[in-house]
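**Q** Sharing a structure, written as structure tokens. Questions coming.
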Amino acid sequence: GGGEERTFIVRVDADAKPSAFPTHAHWYEAAVMAAEGGGGGGEWREGGPLIHTYSAAFHGFSARMSPAAAAALAEAPGVAAVVPERVRQLA
Amino acid sequence: TTRSPRFLGLLSSPPSALLADSDFGSDLVIAIIDTGISPTHRSFHDRGLGPVPSKWRGVCSSGPGFPPNSCNRKLVGARFFSAGYEATSGRMNETAEVRSPLDTDGHGTHTASIAAGRYVFPASTLGYARGVAAGMAPKARLAAYKVCWVGGCFDSDILAAFDAAVADGVDVVSLSVGGVVVPYYLDAIAIGAFGATEAGIVVSASAGNGGPGGLTVTNVAPWMATVGAGSMDRAFPANVQLGNGQVLDGVSVYGGPALQSGKMYELVYAGASSGAASSAADGYSASMCLDGSLDPAAVRGKIVVCDRGVNSRAAKGDVVHRAGGIGMVLANGVFDGEGLVADCHVLPATAVGAAAGDKLRKYIGSSTRQAPATGTILFEGTHLGVHPAPVVAAFSARGPNPQSPEILKPDLIAPGLNILAAWPSGVGPAGIPSDGRRTEFNILSGTSMACPHISGLAALLKAAHPTWSPAAIKSALMTTAYIKDNSNGTMVDESTGVVADVFDFGAGHVDPMRAMDPGLVYDITPVDYVNFLCNLNYTEQNIRAITRRPADCRGARRAGHAGNLNYPSMSATFAADGTRATMKTHFIRTVTNVGGGRAVYRATVRSPEGCAVTVQPRQLAFRRDGQKLSFTVRVEAAAPAKKMEPGSSQVRSGAVTWSDGRHAVNTPVVVTW
């Protein structure tokens, strides 16, 4: 179902970025917004929906979204994995 | 770190080969992903250091308490990542924490100086552990990535730190955080660490503090070094002398005004003890000395016995102190066993094991108003040359590996009990807000402290052997580790006092001088990890989530099983269902000669009890440096005589050792039914 928003980490195939998007961040934002509800259904956030973008250790991003949106995103082209965030503690 | 370099054999005059050959790690950058750093600490001065390595591409982020000039040739970079934390927890309270790399907790400063702190003299904590403090790689450069906040360390921020560290050009990542264990494709740390490893970065992570129970180890991906904690040959005895003449062993690094010499104080058990004269209050909360649970009238002027658990050990002392108690004895329960941690308490206090705790409670329980229980605490300061050492710390997380039992975890242990290291000037050593004391160094315990020991040592190895892969460096550290203590017995488990096993210490305790020249290493490429994941029956999509590589598992699965990853340990798991008399498996391994040239290695086998282990071939003749040769290890195990109960297991361990007369390459072999 929809469920409460939480943070997900999304891993993508960097080479799969459609050329219509000038940067990976544009692609990521559009993908989240589309997953949230057809390109405009997601909650608007200052600075956009992305928390971090990743490009060195791996390609992808983190974003707040509903579990339903995360499930939809997992099926999107170019998305390799959608992983729910966990909180770690100092050891 | 006033003891661990010597305990590890790093200190000698002239400097050890490891330190000299690596120039103390001066060209290497160690990333500390933690609570930030205190940049002005003496441990991070840059006197005598050459220019920042040219490969360094990082930045020095500024913010409150962390001006732009905070970095130097020692602390070459600092960043902070809070967006993930704040996305979940809301905007941070900037009166309690700061939006900069500044460490307002202390943990990150402590771990950073263990890995790469400069030589600092004099160093001590409240007079304890006095000496020269030094990190493992004292000239290595540090980069601090602050990801842990009051609310915890969030995966999205940790990954941002990994991403930045890879882009910045670090050589080693030290990660003293942990959490739940999930499949590797759902584990953000495992995913980030894979990318770092692929970039040639050694990732060292804490095993976790969930011990001594089994299956508690975290950060278990095979591409990471998973580090458990052991003791050193140093102790801080603070024994409890009872009015009945008994003396109970305890430990403490309390450094304030002592109890009156020769005076015996009334002892009171904080928990309910119906019928006894000396119970401070009733109930579970009081037994744990939770905040507000103690009756001041019952504890004033007395030494209060608190049970371990729920709140922090130092916080219990604060609760007793505020209630008017004059001292505290922190007693382990049966599940804590005999593991003791020395803390910087805010009042005269000591910690005792479960057996001593029982004696103490019984003594108090048998007292009367006319003949109250009495006692005092005898603080003995710092003892060196303690036997046996090392001992596996009770809290150190234990195997087997919950995700893939084919990979033995933890990988190895390093000093992690009562470690003195740098501490920020703005934080009290007890780590509680009411502690107004200030110390330049603090003594902490945890696999958090063990991990940066390995991180620093990995930096030294990488500096001395720049072409070695992360897997080769880990192999060198593991195959040269030892399992005998300084009493020449097998290391013991602190929680029980009995001999420890491979699920406690992995390959053993790190021995950096031997790791410098391991003779042979087990190397692993990223493709090998893909095959390993195939053999875990992960889907292609799951494998791509970790490795960003298309996975064709058909070849890998034909090649064998997950245990055939070229790992420096071997772990066989058999289902003892009573249907077979014997069970068999085999492991294929390839070793690379890094010993310098021609060498002939012969195998010796110590078979696990009840098993037959054979190696084929039994001799490996290397003609040149860098040559790779393979061998097969066959394990045949007799089924346990009795059918085992569901959920139960039996573990036996042995080893295969390759030796050319100069090197001994130890590989643990573990069999679990």
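FYI, it's all coordinate maths here, none of it is from the lab. What you see is a predicted model; the values in this text were computed from it and never measured. Heads up, the Cβs are rebuilt from the backbone with ideal geometry, glycines too, and the neighbour counts pull from every protein chain shown.
**Q** Taking the alpha-carbon centroid of each part, what is the distance from region B:51-109 to region B:442-519 in angstrom?
**A** About 30 Å separates the Cα centre of region B:51-109 from the one of region B:442-519.
**Q** B:D577 to B:V386: extension gain in nm, 0.36 nm per residue of separation minus the Cα-Cα distance?
**A** Stretched fully, the B:D577-B:V386 segment lengthens by 64.2 nm.
**Q** What is the order of A:R88, B:R91, fewest Cβ neighbours within 10 Å to most?
**A** Going from sparsest to densest Cβ surroundings: B:R91, A:R88.
**Q** May I pose another question? Compute from the Cα atoms of region B:385-453 the Rg and the Dmax, the latter being the longest Cα-Cα distance, and quote both in angstrom.
**A** Calculated on Cα positions, Rg and Dmax stand at 15.8, 49 Å.
**Q** In which sequence would B:W673, B:W56, B:W658 go, from the one with the fewest C-beta neighbours within 10 Å to the one with the most?
**A** On the way: B:W673 20, B:W56 16, B:W658 25.
In order of increasing Cβ crowding within 10 Å: B:W56, B:W673, B:W658.
**Q** Suppose R0 equals 41 Å; then what is the FRET efficiency for B:Q650 and B:Q619 from their Cβ-Cβ distance, rounded to the nearest 0.05?
**A** That gives a FRET efficiency of 0.80.
**Q** Here's something else I'd like to know. Starting from the Cα of B:L378, step 7 Å toward the Cβ, then list every residue of region B:328-354 with an amide N under 19 Å from that point.
**A** Answer for region B:328-354: B:328-330, B:348-353.
**Q** Right, another one. Which three semi-axes in whole Å describe the equivalent ellipsoid of chain B, each the square root of 5 times a Cα gyration tensor eigenvalue, listed largest first?
**A** Each semi-axis is the square root of five times an eigenvalue, giving 42, 31, 23 Å.
**Q** Here is a further query. Mind computing the radius of gyration and Dmax over the alpha-carbon atoms of the protein assembly as shown? Å is fine for both.
**A** That works out to 26.6, 88 Å for Rg and Dmax.
**Q** Membrane-span-like helices in chain B: DSSP H runs reaching 18 Å or more (Cα, own axis), mean Kyte hydropathy at least 0.5?
**A** B:155-168, B:447-464
**Q** Isolated Cys in chain B by the 4.7 Å beta carbon test?
**A** B:C344, B:C451, B:C611 - these cysteines have no disulfide-compatible partner (Cβ-Cβ under 4.7 Å) in chain B.
**Q** Can I ask one more? Using just the C-alpha positions of region B:300-458 as equal point scatterers, what log10 of I(q)/I(0) does the Debye formula give at each q in 0.15 1/Å?
**A** With no solvent term, the Cα-only Debye profile gives -0.96.
**Q** Can you give me the C-alpha center-to-center distance between region B:294-312 and region B:557-619, rounded to a whole angstrom?
**A** Their Cα centres are 54 Å away from one another.
**Q** Give me the one-decimal nm value for the distance between modelled label points at B:A20 and B:R606, 7 Å along each residue's Cα-to-Cβ direction.
**A** 3.2
**Q** For chain A, evaluate the Debye formula with one uniform point scatterer on each Cα (no solvent term) and list log10 I(q)/I(0) at q = 0.17, 0.20 Å⁻¹, rounded to two decimals.
**A** Evaluating at q = 0.17, 0.20 Å⁻¹ gives log10 I(q)/I(0) of -0.66, -0.91.
**Q** By the scheme Lys and Arg +1, Asp and Glu -1, what is the net charge of all other residues having a beta-carbon under 13 Å from that of B:A603?
**A** +4
**Q** Counting each DSSP H run of 4 or more residues in chain B as -39500 (n - 2.57), what helix-only mean residue ellipticity at 222 nm follows after dividing by all residues, to the nearest 500 deg cm²/dmol?
**A** After summing the helix terms and dividing by the residues of chain B, the value is -5500 deg cm²/dmol.
**Q** Now for a different question. Once the Cβ-Cβ distance between B:D295 and B:S89 is put in as r, and R0 is 35 Å, what FRET efficiency do you end up with, to the nearest 0.05?
**A** For B:D295 and B:S89, the calculated efficiency is 0.45.
**Q** In addition: Which GluC sites (Glu not before Pro) in region B:1-109 sit in a loop by DSSP (not H, G, I, E or B) and have at most 12 other Cβ atoms within 10 Å of their own Cβ?
**A** Answer by residue number: B:E94.
**Q** Where does each of B:F379, B:F441, B:F44 land when they are ranked from fewest to most other beta-carbon atoms within 10 angstrom?
**A** Details: B:F379 19, B:F441 29, B:F44 25.
Least to most surrounded, the residues fall as B:F379, B:F44, B:F441.
**Q** Report the percentage of all Cα-Cα pairs in region B:25-73 whose separation exceeds 12 Å, rounded to a whole percent.
**A** The proportion of pairs with Cα distances above 12 Å equals 72 percent.
**Q** Can you tell me the convex hull volume per residue for region B:406-550, based on C-alpha atoms, in Å³ to the nearest whole number?
**A** Values: hull volume 28.3 nm³, N = 145.
Looking at region B:406-550, the number lands at 195 Å³ per residue.
**Q** A further question follows. In region B:478-527, what is the volume of the convex hull around the alpha carbon atoms, normalised per residue and reported in Å³?
**A** 105
**Q** Could you work out how far apart the two model spin labels at B:R57 and B:A638 are, taking each label as a point 7 Å from the Cα in the direction of the beta carbon, and quote it in nm?
**A** 6.0
**Q** Within a Cβ distance under 10 Å of B:L175, other residues only, what is the Lys/Arg minus Asp/Glu net charge?
**A** Net local charge, B:L175 excluded: 0.
**Q** P(r) for region B:196-327: what percent of alpha-carbon pairs falls in each 10 Å bin, starting at zero?
**A** P(r) for region B:196-327, in whole percents per bin: 11, 29, 27, 18, 11, 5, 1.
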